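Heads up: the structure comes next, in structure tokens.
The values are calculated or read from the model by the stated rules, or taken from the named source; none is laboratory data. For clarity, every value in this text was computed on a predicted model and none was experimentally measured. Cβ sites come from the backbone with ideal geometry, for glycine too, and all protein chains shown count toward neighbours. The area values use the complete protein model at the heavy-atom level, side chains included, leaving out ligands, DNA and RNA. Shrake-Rupley method; radii C 1.70, N 1.55, O 1.52, S 1.80 Å.
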Amino acid sequence: MTSPTAVETLALRVQVSAFAGSTLPAGYAELLREGLGGICLFGTNTEAGEDSVRSLAAEIRSASAEGGWAPVITIDEEGGDVTRLEALAGSSVLGAAALGAADDLALTEETGRAIGVRLARAGINLDLAPVADVNSNPDNPVIATRSFSHDAGVAAKHVAAWVKGLESAGVAACVKHFPGHGDTGQDSHVALPVLDASLDTLRERELVPFQAAAEAGAASVMTSHILVPALDGELPGTLSAPVLGLLRELGYDGPIVSDALDMAGASASRGIPAAAVLSLAAGADLLILGPEKPPSLVRDTTAAIVAAVESGELPLERLQDAVARVDKLLADLTGAQRPDGALDPRFEERSIEGARRALAVVSDLTEIPDLAGARVVTVDTEANIAVGDVPWGLPPDLVIRPGDPLPELPDAPLIVQVRDAHRRPEVGRTVAELPGAAVLVEWGWPGAYDRPGLPRLCPQGFSLPGVAAVTEVLRRSGWGR
């Protein structure tokens, strides 16, 4: 293959792609040598364990270095429900909603730092976290417990603390999803959600955590594929100059990172290469293409960007500016990672204490009946794409799918665990059919749920500290005897 032209190299530098498996494919090694901006790691890249991830990251860096480049190596590691490095067992740290409910900023900062140290140890330099969305719509199907709070002020202070902790380990934060995905009722992975709020409301609610993140020194910000009619009635935020321009108005001057361009909200009607061109033209600097993509997609996207420069659709200066921001991010990270960073030796204990406080804030603990001999029943539901197929809840004795015929139930009290029952009527109907239900454990967003006489525990998302806190409460009522 001939060497890429100068413009082709620039077009490669602004792309982050992904592949399946725990080894670097030859086609991606070649792209990295030519200047590909980086690699985003997903579940199939991490399932073999942290040592395997570290080896893969080293392969990626080595291939880039052969071409004289430094790569972005990124991942979605939010803690709580969204984890890639701990997807097999569940996150060892609290997620955002639980941290916001516990409202201990020192714990939130230490949680960000714990994730940063783990990522640095694995060779990852950019974390696509934290979530800065204000979950003001309890029926939101994709943000929910990934948000620190429904309150903008609470979300803002915890976003800033988490960013500070993560970046103290030398890992860059990517605060998401600008200008705010919290007041939407659809998932941008599969649709184009609409944020129907006035500009004044945006400034008073959605933008507050992003402003706090910018002031805390967040290294990057991610866009969202949502329509914001108050700013642009035609294009989703990722492709909209008015939307991305609003981020610059907040005083933020770092790289703007696109959410994955294979999501329906960005590319369903136009394809990924065209979406990439529009996003760059709107002001984005680093383009995430999505999981498990063939090298040919990177080539096609590169060709589309080059053609747009040649036609004048995308000014060369805009592309150069994007590359400059990415290069500055990488330069700032050089030598900054601290994989041996010290954590508070009481961090695990403090995380469980935070889980206890989060549970106490939202639990309907009027009276839990005697749970001696109780069995755990999971009413299973599919997670959103951001969370993925990961374990959740207490180890179940029985799993039921809503709508399926009920199996024979044990003659014992039932600890019933669910996710987002308030917005899933089929879950509520299934729970109502369980005559032995003694307590409901709601692992999702703690929305209003009407089941008279059924006490409810709401740990605000799944995590291992949350499991410990829930287990303590249940054992005090006799579970395990």
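Can you tell me which residue in segment 104-136 is surrounded by the fewest Cβ atoms within 10 Å (Cβ to Cβ), limited to those that are of a type in the set (S, T, N, Q) and over 19 Å from VAL361 (Cα atoms)?
First pass over segment 104-136, keeping only residues of a type in the set (S, T, N, Q): 108, 111, 125, 135-136.
Imposing the further condition that a residue be over 19 Å from VAL361 (Cα atoms) reduces the set to 111, 125.
Working: THR111: 34, ASN125: 27.
Here the answer is ASN125.
Does any residue in segment 7-19 that is closer than 11 Å to VAL323 by Cβ and open to solvent by less than 10 Å² (accessible area, probe 1.4 Å) come within less than 8 Å, Cβ to Cβ, of a residue that is at pLDDT below 95 and in a loop (DSSP other than H, G, I, E, B) six or more places away or on a different chain, and which pairs are these?
LEU12/PRO4
Which condition breaks for PRO369 when tested against (1) under 30 Å from GLU109 (Cα atoms); (2) surrounded by fewer than 19 Cβ atoms within 10 Å (Cβ to Cβ)?
In the conditions (1) under 30 Å from GLU109 (Cα atoms); (2) surrounded by fewer than 19 Cβ atoms within 10 Å (Cβ to Cβ), PRO369 misses (1) alone.
If only one of LEU319, LEU329 is part of a helix (DSSP H, G or I) and touching a strand residue (DSSP E or B) at 6+ places or on another chain (Cβ under 7 Å), which one is it?
Numbers: LEU319 fails: touching a strand residue (DSSP E or B) at 6+ places or on another chain (Cβ under 7 Å).
Result of the check over LEU319, LEU329: LEU329.
Restricting the first residue to segment 324-341 and requiring it to be polar (S, T, N, Q), which pairs with a second residue that is assigned to a loop (DSSP other than H, G, I, E, B) meet a Cβ separation below 8 Å and a spacing of at least six or different chains?
THR334/ALA70; GLN337/ASN125; GLN337/ALA169; GLN337/GLY170; GLN337/VAL171
Has segment 376-385 got at least one residue that is part of a loop (DSSP other than H, G, I, E, B), at pLDDT below 90, open to solvent by 40 Å² or more (accessible area, probe 1.4 Å) and over 30 Å from ARG113 (Cβ atoms)?
yes
With within 18 Å of SER147 (Cα to Cα), at pLDDT 95 or above, part of a helix (DSSP H, G or I) and open to solvent by 10 Å² or more (accessible area, probe 1.4 Å) as the only criterion, which of ALA101, ALA97, ALA58 stands out? Walk me through it before giving the result.
Numbers: ALA97 fails: open to solvent by 10 Å² or more (accessible area, probe 1.4 Å); ALA58 fails: within 18 Å of SER147 (Cα to Cα).
Only one candidate passes the filter, namely ALA101.
Which one of these does GLU77 not meet: (1) touching a Phe, Trp or Tyr at 6+ places or on another chain (Cβ under 9 Å); (2) surrounded by 20 or more Cβ atoms within 10 Å (Cβ to Cβ)?
The failed condition is (1).
Counting just the residues of segment 353-375 that are under 18 Å from LEU394 (Cα atoms) and touching a Cys at 6+ places or on another chain (Cβ under 8 Å), which one comes out modelled with the highest pLDDT?
LEU359
Exactly one of (1) within 21 Å of ILE75 (Cα to Cα); (2) surrounded by fewer than 20 Cβ atoms within 10 Å (Cβ to Cβ); (3) touching a helix residue (DSSP H, G or I) at 6+ places or on another chain (Cβ under 8 Å) is unmet by ARG357. Its number?
ARG357 satisfies every listed condition except (1).
Name the helices (runs of 4 or more DSSP H) wholly inside segment 254-314 in which the number of residues that are over 17 Å from LEU192 (Cα atoms) is 3 or more. Can you show your working first?
Numbers: elements: 264-267, 272-282, 295-311.
Once the helices (runs of 4 or more DSSP H) in segment 254-314 are filtered for at least 3 residues that are over 17 Å from LEU192 (Cα atoms), what remains is 272-282, 295-311.
Find all pairs meeting these conditions: Cβ atoms under 8 angstrom apart; at least six residues apart or on different chains; first residue within segment 212-228 and touching a residue at least 24 places away in the same chain (Cβ under 8 Å); second residue among the polar types (S, T, N, Q) and not in a loop (DSSP other than H, G, I, E, B).
Pairs found: THR223/THR238; THR223/SER279; SER224/THR238; HIS225/THR238.
Table: residues versus (1) over 18 Å from LEU32 (Cα atoms); (2) among the hydroxyl-bearing types (Ser, Thr, Tyr).
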position: ALA260; (1), (2): yes, no
position: ALA266; (1), (2): yes, no
position: GLY271; (1), (2): yes, no
position: ALA276; (1), (2): yes, no
position: GLY283; (1), (2): yes, no
position: LEU287; (1), (2): no, no
position: GLY290; (1), (2): no, no
position: SER296; (1), (2): no, yes
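Pull out all pairs, ordered by first then second residue, where Cβ-Cβ is under 9 Å, the residues are six or more apart or on different chains, the first lies in segment 181-196 and is part of a loop (DSSP other than H, G, I, E, B), and the second is of a type in the set (Lys, Arg).
Hits for this filter: GLY182/ARG205; ASP183/ARG205.
Could you please let me know if LEU289 is crowded, with 21+ Cβ neighbours inside 10 Å, touching a Lys or Arg at 6+ places or on another chain (Cβ under 9 Å), closer than 28 Å to ASN45 by Cα and among the aliphatic types (A, V, I, L, M)? Walk me through how you get there before you give the answer.
Numbers: crowded, with 21+ Cβ neighbours inside 10 Å: yes; touching a Lys or Arg at 6+ places or on another chain (Cβ under 9 Å): no; closer than 28 Å to ASN45 by Cα: yes; among the aliphatic types (A, V, I, L, M): yes.
No.
Tally the residues that are modelled with pLDDT under 95 and under 19 Å from VAL309 (Cβ atoms), restricting the search to segment 265-291.
Going through segment 265-291 one residue at a time, the tally reaches 1.
Out of segment 197-211, which residues are more than 23 Å from LEU287 (Cα to Cα) and without any contact (Cβ under 8 Å) to a residue 60 or more places away in the chain?
ALA197, SER198, LEU199, ASP200, THR201, LEU202, ARG203, GLU204
Kindly indicate the residue of segment 428-481 that is among the basic types (Lys, Arg) and assigned to a loop (DSSP other than H, G, I, E, B) and also nearest to ASP364 (Cα to Cα) among those meeting that condition. Let's see the steps before the verdict.
Applying the first criterion (among the basic types (Lys, Arg)) to segment 428-481 yields 429, 451, 456, 475-476, 481.
Filter again for assigned to a loop (DSSP other than H, G, I, E, B), leaving 451, 481.
Numbers: ARG451: 11, ARG481: 23 Å.
Across segment 428-481, the extreme among qualifying residues is ARG451.
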